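Only the coordinates and a few stated rules stand behind these numbers; no lab work does. Everything numeric here is computed off the predicted structure, so don't read it as measured data. Heads up, the Cβs are rebuilt from the backbone with ideal geometry, glycines too, and the neighbour counts pull from every protein chain shown.
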Amino acid sequence: MDKKPMYEGKAKKMYTTENPDEMLVYFKDDATAFNGGKKGTILNKGILNNKISTFFFQLLGQHGIPHHFIRTVSDREMLVKALKILQVEVVVRNIAAGSLAKRIGWEEGTKLPTTVVEMYYKNDELGDPLINASHIKAMGLASEEQVKRMEEYAVKINSILTDYLKDKKIELIDFKLEFGLYHGEVILGDEISPDTCRFWDSETKQKLDKDRFRRDLGDVEGAYQEILYRLTGEKFS
Ligand code: TMP
Ligand code: ASP
């Protein structure tokens, strides 16, 4: 494949391919938190997140959610549709945790009476500030119709993932999505992994996600392996 480096982010690298409609994503082991303030490496994270994201994209595709995943290329690479990423991060929350728990003063672990959907401006220099639909419209980040579509997909994705994970004894606390335009249509991009979701063991409430890195809880790699195992039965070592 004739790949050319296009963009390097904190956890992934993007390459153009000979086909302008397709891009290659390379998943790194690098981990950051607090907008790059904390840096580290999670051994084999790239491989695990490539596998876990692939699993989730395929699951969502089966439920009618359009997404960018095309096929696996190698243990750290997936071929995806080339999207024009909307500069909005969509966060869906079922249980108060992280920045929401702090913002509204609710104890982490408190069930939210209704699902909360939030939008953040994807801008590292500003530290991804919380914004609303009216900011998005004024800033020209997305049209009103595109915002509605992202919200609609986010809520649907939440119910598909929550239902699926329940059987695997995983509680879906919250997660972040990114969408982009592909030939004018809003479709799901980026990744869905323990980097971008909070997963708790349903019974023990043990954290099985990147909070283990953010909060120095130890056995970060084991948590990512456990998620892959519960989803696919694959024992990674
Ligand atoms: P938060 O509670 O820190 O705002 O995070 C909400 C969700 O979004 C959580 O599942 C982790 C995910 N997330 C990202 O994927 N990238 C980020 O940069 C941040 C801050 C959170
Ligand atoms: N990805 C974010 C960063 O470094 C933070 C996070 O995931 O908590 O910057």
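Note the full-extension length gain between LEU126 and GLU151 as 0.36 nm times their separation in residues minus their Cα-Cα distance, in nm to one decimal. Please list the in-between numbers first.
Values: separation 25, 0.36 × 25 = 9.00 nm, distance 2.30 nm.
Result: 6.7 nm gained on full extension.
What is the distance in Å between the Cα centroid of the range 112-181 and that of the range 52-81?
Using only Cα atoms to place each centre, the spacing works out to 19 Å.
Given an 8 Å cut-off on Cα distances and at least 6 residues of separation, report the relative contact order of the chain as a percent.
Working: 435 pairs, mean separation 41.5, N = 237.
It comes to 18 percent, rounded to a whole number.
Between LEU181 and ALA138, 0.36 nm times their residue separation minus their Cα-Cα distance comes to what? Write down the numbers at each step before the final one.
Numbers: separation 43, 0.36 × 43 = 15.48 nm, distance 1.91 nm.
That works out to 13.6 nm of additional length.
Of the residues LYS137, LYS28, LYS84, which exhibits the maximal mean-square fluctuation in a Gaussian network model of the chain defined by a 10 Å Cα contact cut-off?
LYS137
Just to be sure I understand: with springs between alpha-carbon atoms less than 10 Å apart, which residue in MET150, MET14, MET139 has the highest mean-square fluctuation in the Gaussian network model of the chain?
Top of the fluctuation ranking is MET139.
Nearest 500 deg cm²/dmol is fine: what mean residue ellipticity at 222 nm does the chain get from its DSSP H runs of n ≥ 4 alone, each adding -39,500 (n - 2.57), divided by its residue count? Intermediate values should be presented prior to the final figure.
Details: 6 runs with 72 residues, N = 237.
Rounded to the nearest 500, the figure is -9500 deg cm²/dmol.
Could you list the residues of the range 48-82 with an amide nitrogen less than 16 Å from a label point located 7 Å from the Cα of LYS168 in the Cα-to-C-beta direction?
Answer for the range 48-82: 48-63.
How would you rank SER143, SER53, going from fewest to most other Cβ atoms within 10 Å of each one's own Cβ?
Details: SER143 13, SER53 23.
Listed from fewest to most nearby Cβ atoms, that is SER143, SER53.
Where does the range 110-224 land on Rg(C-alpha)/(2.2 N^0.38 Å)? Intermediate values should be presented prior to the final figure.
Numbers: Rg = 15.8 Å, N = 115, 2.2 N^0.38 = 13.4 Å.
Ratio of Cα Rg to 2.2 N^0.38 Å: 1.18.
Step by step: find N for the range 1-134, compute 2.2 N^0.38 Å, then divide the Cα radius of gyration by it. What's the final number? Kindly include the intermediate steps, with their values, before the conclusion.
Numbers: Rg = 16.9 Å, N = 134, 2.2 N^0.38 = 14.1 Å.
Cα Rg divided by the expected 2.2 N^0.38 Å: 1.20.
Would you work out if the chain is rounded, prolate or oblate? Take a ≥ b ≥ c from the square roots of the eigenvalues of the alpha-carbon gyration tensor; rounded if a/c is under 1.5, else prolate when a/b is larger than b/c, oblate otherwise. Write down the numbers at each step before the final one.
Numbers: a/c = 1.39, a/b = 1.07, b/c = 1.30.
Note, shape of the chain comes out rounded.
Can you compute the label reach from LEU217? Point 7 Å from Cα along the Cβ direction, backbone N cut-off under 14 Å, restricted to the range 22-49.
No residue qualifies, since no backbone N sits under 14 Å from the label point.
For the range 74-169, rounded, prolate or oblate, judged on the Cα gyration tensor with a ≥ b ≥ c (square roots of eigenvalues), a/c < 1.5 rounded, else prolate if a/b > b/c? Could the numbers behind the result be given before it?
On the way: a/c = 1.60, a/b = 1.12, b/c = 1.43.
Judged from the Cα gyration tensor, the range 74-169 comes out oblate (a/c at least 1.5, b/c at or above a/b).
Which residue, GLU125, GLU152, GLU22, tops the fluctuation ranking in a GNM of the chain built on C-alpha contacts under 10 Å?
Highest fluctuation among the options: GLU125.
Along Cα→Cβ, 7 Å out, is where each label goes; now give me the distance between the ones at THR232 and THR72 in nm to one decimal.
In this crude spin-label approximation the distance works out to 0.4 nm.
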